[in-house]
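Here the structure is laid out as structure tokens; the discussion comes afterwards.
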Amino acid sequence: MAREALLQALYQWQLNPAPCSEIARQFLEDDERLVGADRSFFEEIWARLCPALDALDETIAAVILDRRWADEVSEVERAILRLGAFELRDERQTPYRVIINEAVELSKAFGAEQGHRFINGVLDRLAHQWRQSELESDGKNPLQSRK
């Protein structure tokens, strides 16, 4: 539920850019927006995610192979990718499989019909970039499997 609220906050920020603190305040003061969500998870991730958006955008755009980040990725997909990329890069205690699965589920719930495939592919490429040792220990390193 907290990831869903983070997705909504990112989406809101994308459509109506406002200071991150203002968006956080809106979510935290409106009990209905965080029903069933882990409020502390929302607050902590949001506080660290917002300042990281420009750097994340550059990295995400670099691994997208079939469309342009700025004008061919939907707002919903962009928000899901930003959240998933942040977690892959900065939330090392959460397994990459969990992060990608959560992003795919958000995409199935809120994104375009086949958007989850796009989300999965992009986050998988980022996992190979940021979680190489975890992938190797999971047996998912393509170079290792050829030996």
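Couplings for the range 61-72, taken from phi via the Karplus curve 6.51 cos²θ - 1.76 cosθ + 1.60 with θ = phi - 60°, read 4, 5, 9, 7, 9, 10, 7, 8, 4, 5, 9, 10 Hz in order; Gly and Pro are left as x. Averaging Cα coordinates gives a centre for the range 94-126 and one for the range 10-39; these two points are 22 Å apart.
Residues Arg89, Arg68, Arg125, Arg117 in ascending order of nearby Cβ atoms (within 10 Å, fewest first): Arg68, Arg117, Arg125, Arg89.
Across the chain, the mean sequence separation of Cα contacts (distance under 8 Å, 6 or more residues apart), normalised by length, yields a relative contact order of 21 percent.
Rounded to the nearest 500, the 222 nm mean residue ellipticity of the chain from helices alone is -22000 deg cm²/dmol, with -39,500 (n - 2.57) taken per DSSP H run of at least 4 residues.
The string of couplings for the range 25-30 from the Karplus curve (6.51, -1.76, 1.60, θ = phi - 60°) is 4, 4, 6, 6, 8, 9 Hz, one whole number per residue in order, with x for Gly and Pro. FRET efficiency for the pair Val98 and Ala52, taken as 1/(1 + (r/R0)^6) with r the Cβ-Cβ distance and R0 = 25 Å, rounds to 0.80. Each Lys and Arg contributes +1 and each Asp and Glu -1, all at the Cβ; summed about the Cα centre of the range 2-145, the dipole is approximately 400 debye. Rounded to the nearest 0.05, the FRET efficiency derived from the C-beta distance between Val35 and Glu136 at R0 = 30 Å is 0.15.
Here P(r) over Cα pairs in 5 Å bins from 0, in percent was computed from the coordinates, and among (i) 2, 8, 16, 17, 17, 14, 12, 8, 4, 2, 0, 0; (ii) 2, 9, 17, 20, 16, 12, 9, 7, 5, 3, 1; (iii) 2, 9, 20, 22, 20, 14, 7, 3, 1, 1, 0 the match is (iii).
Rule-based calculations on the coordinates, nothing more; no lab input. What you see is a predicted model, and the numbers here were worked out from it, not measured in a lab. With ideal geometry, Cβ positions are generated from the backbone for all residues, glycine too; neighbour counts draw on all protein chains shown.
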